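Heads up, the thing below is written out as structure tokens.
The values are calculated or read from the model by the stated rules, or taken from the named source; none is laboratory data. Not measured: the values here are computed from a predicted model. Neighbour counts are summed over all protein chains in view; Cβ atoms, including those assigned to glycine, are modelled from backbone coordinates with ideal geometry.
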Amino acid sequence: MIRPAAPGDVPAIHQLIRELADYERSLAEVTATEQDLRDSLFCAEPALFAHVAEYQGSVVGFALWFLNYSTWLGKHGIYLEDLYVSPLLRGRGLGKALLAELAAICVQRGYGRLEWWVLDWNAPAIGFYRSIGAVGMDEWTVQRLTGPALAELAASRS
């Protein structure tokens with residue numbers, strides 16, 4: 001079953017985020033707490049949303065997303081921050097069901113895109129994404145400011 005996340009799902013989502021980070025070889029970079037997630041997902045005006053995949057009464061997967069905007073299309077879209085299904089339950093269609101739910105939200109609300117990143121070494125995920133019709137944006141590279149570089153740029157404003 002795919003459904004919007006509820007406050008009681010936060011501990012399971014947090015644990016799955018840690019599993020995902022471990023799989024992506026970056027567990028040490030996870031500083032988000034359950035309270036951080038709760039505050040972001042269930043505040044008065046959330047900018048972050050989540051859907052969960054439930055199997056036999058347990059949360060076993062999630063999609064964490066927020067809105068973006070395409071100036072070229074003149075429409076909002078969904079940016080999928082994380083998609084994860086517990087390894088023991090992969091191959092049962094839960095990842096596809098989570099993506100289908102987000103695609104349905106896009107269609108219902110008139111959004112123009114559903115986008116996400118994938119690590120270039122994650123061949124199983126890339127293969128899965130290609131199988132549902134996703135295309136790689138090979139000409140684009142990700143840019144990021146964080147930590148001291150972010151603070152330094154912020155301090156340089158006049």
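Key figures for this structure:
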{"read-out": "Residue in the stretch 1-25 that is farthest from GLY57 (Cα to Cα), counting only those that are out of contact with any strand residue (DSSP E or B) (no Cβ under 6 Å at 6 or more places or on another chain) and at pLDDT below 95", "value": "ARG25"}
{"read-out": "Options GLU115, GLU152; residue that is free of Cβ contacts under 8 Å to residues at least 24 places away in the same chain, over 24 Å from GLN15 (Cβ atoms), not polar (S, T, N, Q) and not in a loop (DSSP other than H, G, I, E, B)", "value": "GLU152"}
{"read-out": "Which numbered condition ARG113 misses (of (1) at pLDDT below 95; (2) under 27 Å from PRO4 (Cβ atoms))", "value": "(1)"}
{"read-out": "The stretch 62-75 residues that are without any contact (Cβ under 8 Å) to a residue 24 or more places away in the chain, paired with ones that are part of a loop (DSSP other than H, G, I, E, B) and exposed (fewer than 14 other Cβ atoms within 10 Å of the Cβ) (beta carbon under 7 Å, 6 or more apart)", "value": "PHE66/ALA47"}
{"read-out": "Meets criteria (at pLDDT 95 or above and surrounded by fewer than 19 Cβ atoms within 10 Å (Cβ to Cβ)) for LEU98", "value": "no"}
{"read-out": "Options ALA6, ALA32, ALA21: the member that is more than 15 Å from the chain's Cα centre (by Cα) and among the aliphatic types (A, V, I, L, M)", "value": "ALA6"}
{"read-out": "Residues satisfying the stated conditions in the stretch 28-45, i.e. more than 11 Å from ALA12 (Cβ to Cβ) and surrounded by 11 or more Cβ atoms within 10 Å (Cβ to Cβ)", "value": "VAL30, ALA32, THR33, ASP36, ARG38, ASP39, SER40, LEU41, PHE42"}
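Conditions tested, residue by residue: (1) surrounded by 17 or more Cβ atoms within 10 Å (Cβ to Cβ); (2) outside any loop (DSSP other than H, G, I, E, B).
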position	(1), (2)
ARG3	no, yes
PRO11	no, yes
HIS14	yes, yes
ASP22	no, yes
ALA47	no, no
HIS51	yes, yes
VAL60	yes, yes
ASN68	no, yes
TRP72	no, no
